[in-house]
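Note sheet for the following structure.
The values are calculated or read from the model by the stated rules, or taken from the named source; none is laboratory data. Since the structure is predicted, the reported quantities are computational estimates derived from the model, not experimental observations. With ideal geometry, Cβ positions are generated from the backbone for all residues, glycine too; neighbour counts draw on all protein chains shown.
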There are 2 protein chains.
Amino acid sequence: MTCFFNADNRQEREKTRMSETVLLSLEEAQSLSLTVLQHNGFSPAHAQAITRSVLAAQRDECHSHGLYRLIGCVETARNGGVDTHALPDVIDQAPGVVRIDAQRGCSLLAFETGLPMLIEKARRQGLAAMAINRCFHFSALWSEVEAISSQGLVGIAMTPTHPFVAPAGGTRPLLGTNPLAFSWPRPESPPYTFDFATSEVARGEIELRRRAGESIPTHWAMDAEGNPTSDPTKALAGAMRTFGGHKGSALSTMIELMAGPLIGDVLGHETTPANTEGTGKPLHGELVVALCPQAFLGSEADHHLRHAETLFDDILGQGARLPSQRRFEARERTMRYGMSLPKTLVDELNSLMN
Amino acid sequence: MTCFFNADNRQEREKTRMSETVLLSLEEAQSLSLTVLQHNGFSPAHAQAITRSVLAAQRDECHSHGLYRLIGCVETARNGGVDTHALPDVIDQAPGVVRIDAQRGCSLLAFETGLPMLIEKARRQGLAAMAINRCFHFSALWSEVEAISSQGLVGIAMTPTHPFVAPAGGTRPLLGTNPLAFSWPRPESPPYTFDFATSEVARGEIELRRRAGESIPTHWAMDAEGNPTSDPTKALAGAMRTFGGHKGSALSTMIELMAGPLIGDVLGHETTPANTEGTGKPLHGELVVALCPQAFLGSEADHHLRHAETLFDDILGQGARLPSQRRFEARERTMRYGMSLPKTLVDELNSLMN
């Protein structure tokens with residue numbers, strides 16, 4: 001989820017390893033994604049929702065959550081880990097709460113199905129929550145919170161993942177990499193958005209180091225005995241660390257609780273990826289919250305939203321960057337020049353249609 | 001706010017410096033606090049609300065937010081930075097939002113005044129927010145989120161502070177130390193609570209090092225030129241760092257936005273402590289959110305709250321601690337043996353009655 005924090009490094013490395021690239025227009029990439037998904041049994045509604053998410057990530061050069069994710073998505077479907085035709089069930093749970101039973105389907109169609117009710121509730125109540133249950137989740141959260149901020153509201157989203165991370169002071173995987181995303185509407189600019197894993201780094205970053213035969217900083221993870229390690233293979237077999245020590249660990253625990261028991265769903269450590277034996281447990285929950293500035297402030301809201309701009313001006317004015325800045329710059333590039341994908345990825349996606 | 005993370009170190013150091021201590025019963029400490037506050041013009045309602053907060057912190061051996069805080073509180077009152085008789089104004093803003101105009105008074109009475117409506121709204125809507133405006137804020141947030149979890153709801157609180165912290169990648173103070181607090185109700189145990197500053201360390205920790213003539217780790221702060229420094233004096237004149245790099249910085253920015261412009265209040269960098277010239281701007285906002293498990297889940301809520309206990313069991317089972325564990329242990333000690341305060345502090349508090 002932290003792709004925009006590390007985008008430069010990751011892209012550089014990808015460029016080095018994959019010099020052969022294919023340039024696709026947005027329409028071509030969209031068509032490729034829809035075809036792969038429908039060929040693998042996803043209903044048109046699911047295929048479209050998934051495509052919107054991976055295409056947005058690819059457009060913003062978040063390669064880790066772009067078309068590459070279709071591979072895992074199709075694998076999960078082939079292993080029976082996700083119902084490719086599930087119809088999300090919308091439950092008007094309380095004046096401020098909409099629950100969506102994803103019915104074992106992908107989270108993205110469930111999110112899109114519940115979004116109008118979430119927005120409507122938040123506008124009326126001031127804030128509202130959408131609890132998505134029993135979903136298969138693989139996508140970036142920023143596109144969801146930006147679907148909220150694009151309507152002028154503040155969006156927050158969180159979800160547990162499979163357990164890869166030890167709590168601070170512990171030595172064994174228990175917590176997920178548990179991402180947290182936030183998006184704030186800006187009057188005349190792309191939103192202020194962040195979306196980060198509560199682990200020290202994304203798991204994919206360790207995987208990339210392993211493939212490249214490189215070592216990792218010893219504060220990223222520990223081996224199976226709980227000792228710091230610079231060996232990515234040992235790290236992947238051990239436990240990752242939370243970012244920011246005790247504080248990141250506390251935040252990650254909060255996400256487990258809020259997107260788990262609070263919404264009647266499982267904890268991260270109760271999930272496992274789908275597998276060929278059919279014993280995986282890939283389903284879990286997601287919590288999305290929307291807050292409406294107009295409901296908090298009435299006609300004063302516009303003034304205060306404009307006033308918030310002074311904070312962004314002061315951040316940029318001292319040479320710091322905003323979290324999603326690189327992503328928005330990438331978006332402009334893509335809209336102008338199209339998407340540059342590694343040929344190996346396009347080949348792999350095409351092979352999913354056999 | 002991070003007292004329970006650092007409590008051992010700080011207490012150890014305090015013990016070394018202040019070997020002469022005074023043992024007070026809870027009643028004696030309460031009486032001392034009330035007398036100091038009322039002698040300095042605080043109305044009985046404000047004196048009682050402030051006393052409840054500092055006494056809870058002292059009871060839990062959070063010395064930094066205990067009776068020690070009365071000194072700054074009285075100083076702010078003497079400098080005209082807080083209205084000691086303010087009557088908080090409760091505004092039923094939206095079905096899910098209660099706004100409290102603190103009317104330039106201390107945040108604590110405003111919080112207590114709005115709490116019943118916040119709880120009632122959260123129970124009915126599923127979740128609700130309390131926006132406290134124009135308040136003087138100096139207290140630990142954990143006692144507020146625990147006032148929510150003690151009623152069976154999930155509590156979240158955040159507030160900006162004066163600007164001491166540079167955004168990640170920046171070099172100048174802009175963000176507050178912006179604490180975030182969370183409390184989760186546990187069926188048969190004290191709640192799962194955290195309350196941490198989004199700065200790398202509490203500002204008071206750097207101040208303590210300066211007084212002790214000690215150096216600080218270079219990742220805590222930078223000097224006025226933006227260079228890493230191990231000199232606490234230069235750090236206090238420069239800028240502190242956020243915890244966890246870009247991620248902590250993003251979280252701190254979120255707190256500025258949510259407890260600032262979203263609720264129609266100022267940003268941290270627009271505030272300054274009260275001073276003798278009367279030019280200080282100590283007032284700002286606070287955002288409190290409550291979520292009701294029963295409204296999310298109906299009769300299933302109890303089952304899922306019990307299920308959450310497996311997460312805490314697994315954290316403790318691998319030798320890690322829960323964030324507030326030390327504080328709850330300290331509470332038991334205090335209830336048994338009373339409060340041990342440095343004699344110099346008691347003398348200073350008594351001198352405030354001159």
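This table checks each residue for (1) farther than 28 Å from residue B:246 by Cβ; (2) of a type in the set (Gly, Ala, Ser); (3) within 9 Å of chain B (Cβ to nearest Cβ).
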{"residue": "A:247", "(1), (2), (3)": "no, no, yes"}
{"residue": "A:260", "(1), (2), (3)": "no, yes, yes"}
{"residue": "A:294", "(1), (2), (3)": "yes, no, no"}
{"residue": "A:305", "(1), (2), (3)": "no, no, yes"}
{"residue": "A:310", "(1), (2), (3)": "no, no, yes"}
Discussion item. Against the condition in a loop (DSSP other than H, G, I, E, B) and away from every other protein chain (no Cβ under 14 Å), how does residue B:67 come out, does it pass?
Written reply: yes
Worksheet entry | All positions within the stretch B:189-210 that are touching a strand residue (DSSP E or B) at 6+ places or on another chain (Cβ under 8 Å) and touching a residue at least 40 places away in the same chain (Cβ under 8 Å) | B:191, B:192, B:193, B:194, B:195, B:196, B:198, B:199, B:200, B:201
Worksheet item: So, in the stretch A:331-343, of the ones that are in contact with a helix residue (DSSP H, G or I) (Cβ under 9 Å, 6 or more places away or on another chain) and in a helix (DSSP H, G or I), which residue ends up nearest to the other protein chains (Cβ to nearest Cβ)?
Response: A:331
Response to the item:
Counted residues in the stretch B:96-122 being within 14 Å of chain A (Cβ to nearest Cβ) and touching a Pro at 6+ places or on another chain (Cβ under 6 Å) come to 1
Fill in: Evaluation of residue A:241 against (1) within 8 Å of chain B (Cβ to nearest Cβ); (2) over 27 Å from residue B:185 (Cβ atoms) (one fails), failing number
(1)
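Name the residues in the stretch B:312-330 that are within 7 Å of chain A (Cβ to nearest Cβ), over 26 Å from the mean Cα position of the chain (by Cα) and either in a helix (DSSP H, G or I) or surrounded by 20 or more Cβ atoms within 10 Å (Cβ to Cβ) (or both), would you?
Once the filter is applied, which keeps residues that are within 7 Å of chain A (Cβ to nearest Cβ), over 26 Å from the mean Cα position of the chain (by Cα) and either in a helix (DSSP H, G or I) or surrounded by 20 or more Cβ atoms within 10 Å (Cβ to Cβ) (or both), the stretch B:312-330 yields only B:314.
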Worksheet item: Could you say whether any residue in the stretch A:233-246 is surrounded by fewer than 23 Cβ atoms within 10 Å (Cβ to Cβ), under 30 Å from residue A:322 (Cα atoms) and at pLDDT 95 or above?
Response: yes
Worksheet item: On the given criteria, is residue A:276 surrounded by fewer than 17 Cβ atoms within 10 Å (Cβ to Cβ) and of a type outside the set (Gly, Ala, Ser)?
Response: yes
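Being within 13 Å of another protein chain (Cβ to nearest Cβ) and over 27 Å from residue B:282 (Cβ atoms) is the filter here; which residues of the stretch B:187-216 pass it?
Scanning the stretch B:187-216 gives B:187, B:191, B:192.
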Practice prompt. Among residues belonging to the stretch A:140-156 that are surrounded by 24 or more Cβ atoms within 10 Å (Cβ to Cβ) and part of a loop (DSSP other than H, G, I, E, B), point out the one that is nearest to the other protein chains (Cβ to nearest Cβ).
Written response: A:153
Item to complete: Identify, from the list A:123, A:104, the residue that is more than 24 Å from residue A:293 (Cα to Cα), in contact (Cβ under 8 Å) with a residue 60 or more places away in the chain and surrounded by fewer than 22 Cβ atoms within 10 Å (Cβ to Cβ).
Response: A:104
Discussion item. Just checking, does the stretch B:158-168 include any residue being part of a helix (DSSP H, G or I) and either within 25 Å of residue A:287 (Cβ to Cβ) or of a type outside the set (Ser, Thr, Tyr) (or both)?
Written reply: no
Discussion item. Considering only residues that are without any contact (Cβ under 8 Å) to a residue 24 or more places away in the chain and polar (S, T, N, Q), which ones fall in the stretch A:18-47?
Written reply: A:19, A:31, A:38
Worksheet, complete the sentence: Residues in the stretch A:163-186 that are within 14 Å of residue A:148 (Cα to Cα) and either within 9 Å of chain B (Cβ to nearest Cβ) or modelled with pLDDT under 95 (or both) total 2
Discussion item. Take the residues in the stretch A:59-76 that are within 14 Å of residue A:327 (Cβ to Cβ) and at pLDDT 95 or above; name whichever of them is surrounded by the most Cβ atoms within 10 Å (Cβ to Cβ).
Written reply: A:60
Discussion item. Please go through (1) assigned to a strand (DSSP E or B); (2) surrounded by fewer than 22 Cβ atoms within 10 Å (Cβ to Cβ) for residue A:288 and return the number of the only condition it doesn't satisfy.
Written reply: (2)
Practice prompt. Working carefully through the options B:104, B:134, B:99, B:124, find the one that is among the basic types (Lys, Arg), under 21 Å from residue A:129 (Cα atoms) and not in a helix (DSSP H, G or I).
Written response: B:99
